[in-house]
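Working notes, structure below.
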Amino acid sequence: MKVAIFDFDGTLYAKETFQLLMDHLKHHPTHSSKYKAFFRRILPLYIGYKLKIVPEAKMKEQSMQIYANALRTLSKAEYKHYFNEMKEDMRQAFNEEVVKKVRQHQSEGMHVMLVSGAYTPLLYAVTEGIEFDTIIGTDIPFTAEDAFDSETEIYHINGKRKTEKIMEMLKSHKIDWEHSYAYGDSYSDLPVLELVGNPVAVRPEERLRRIAEERNWIVM
């Protein structure tokens, strides 16, 4: 089996999800009152990251936790509705060339995967109508009663965790890695890009661009 693995932020989606999440909360007609408390909690974390006291991976994971905590009164169904409200705006910023590649690989019979650190229900909402065989994202923990589970920490899918999740999902299949594809835009996507024989750097950041050029990878 051949696979085609797509990153989301900066690849399929041309912008950064977390900035849109913050804007959505700030201006939300119902939940905007939660924004000030959220911002007070996230600001020291962001400053620590900028001062190089807090590692980037820790900053991202804790940011995802703080955001989910800000909406902790929402049920699972209400979270889904909240993310659905963002769908149309996000789809306006989809990279159409990448969307074409998703559909091309589907037509070629490949197992097409979306792997991202974004919240899983958000990924399902915004990619409705674009067929993925597997979507891997950062899960929001819920209780058996579909309430937000404040006792369970969020496990952010980022860096090497992406590779671990991919291998876990594909462990029952024999993969033709040499003839498989992966698409990503950032240096943190390198472990996934190195899995396949056809890595593609999509509007890459400078560190990834240098590697792509050194290794003669495709650059979109």
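With the largest listed first and rounded to whole Å, the semi-axes of the equivalent ellipsoid of region 140-220 from the Cα gyration tensor are 31, 17, 9.
Quick check: at a probe of 1.4 Å, how many percent of the accessible area of the chain sits on carbon and sulfur atoms? With neighbouring chains kept in place, the figure for the chain is 49 percent. Averaging the Cα positions of each part gives two centres, and for region 22-36 and region 156-191 these lie 34 Å apart. Beta bridges per DSSP, both residues in the chain: antiparallel share near 15 percent. Screening the chain for whole DSSP H helices of 20 Å or more along their axis (Cα) with average Kyte-Doolittle hydropathy at least -1.0 returns 35-50, 56-70. Only Lys, Arg, Asp and Glu carry charge here, each on its Cβ (+1 for the first two, -1 for the last two); on that basis the chain has a dipole of about 620 debye about its Cα centre.
Dipole magnitude for region 160-212: computed about the Cα centre from +1 point charges on Lys and Arg Cβ and -1 point charges on Asp and Glu Cβ, it is near 140 debye. Each of LEU190, LEU20 has its accessible area taken with a 1.4 Å probe; listed largest first, they run LEU20, LEU190. Sum -39500 (n - 2.57) across every DSSP H segment of at least 4 residues in the chain, then divide by the residue count to get the 222 nm mean residue ellipticity, nearest 500. Roughly -13000 deg cm²/dmol at 222 nm, from the helical runs in the chain. Other residues whose C-beta falls under 9 angstrom from the C-beta of PRO141 contribute a net charge of -4, scoring Lys and Arg +1 and Asp and Glu -1.
Provide the FRET efficiency to the nearest 0.05 for the ASP176-GLU88 pair, computing r from the beta carbons and using R0 = 22 Å. E(calc), rounded to 0.05, equals 0.05. Highest mean packing first, where packing is the average number of other Cβ atoms within 10 Å per residue, the peptides 61-69, 26-34 line up as 61-69, 26-34. Hull volume per residue, based on the alpha-carbon atoms of the chain and their convex hull, is 128 Å³.
Amide H contacts of THR138 (H built 1.01 Å from N, in plane; Pro and chain starts excluded): ALA118, TYR119, THR120, ILE157 sit under 5 Å, all sequence-distant by 5 or more or on other chains. Label zone of ARG41 (point 7 Å out along Cα→Cβ, amide N under 19 Å): in region 61-87 this covers 61-80, 82-83. A viscosity of 0.692 mPa s and a temperature of 37 °C, combined with the Kirkwood radius over C-alpha pairs in the Stokes-Einstein formula, give region 42-119 a diffusion coefficient of 209 µm²/s. In the full protein context, the chain carries 54 Å² of accessible surface per residue, based on a 1.4 Å probe and ignoring ligands, DNA and RNA.
The values are calculated or read from the model by the stated rules, or taken from the named source; none is laboratory data. Please read these numbers as outputs of a predicted model, since none were measured by experiment. Quick reminder, even Gly has a Cβ in these numbers, built from the backbone with ideal geometry, and neighbours come from all protein chains shown. We work out accessible area using only protein heavy atoms, side chains counted, and drop any ligands, DNA or RNA first. Shrake-Rupley method; radii C 1.70, N 1.55, O 1.52, S 1.80 Å.
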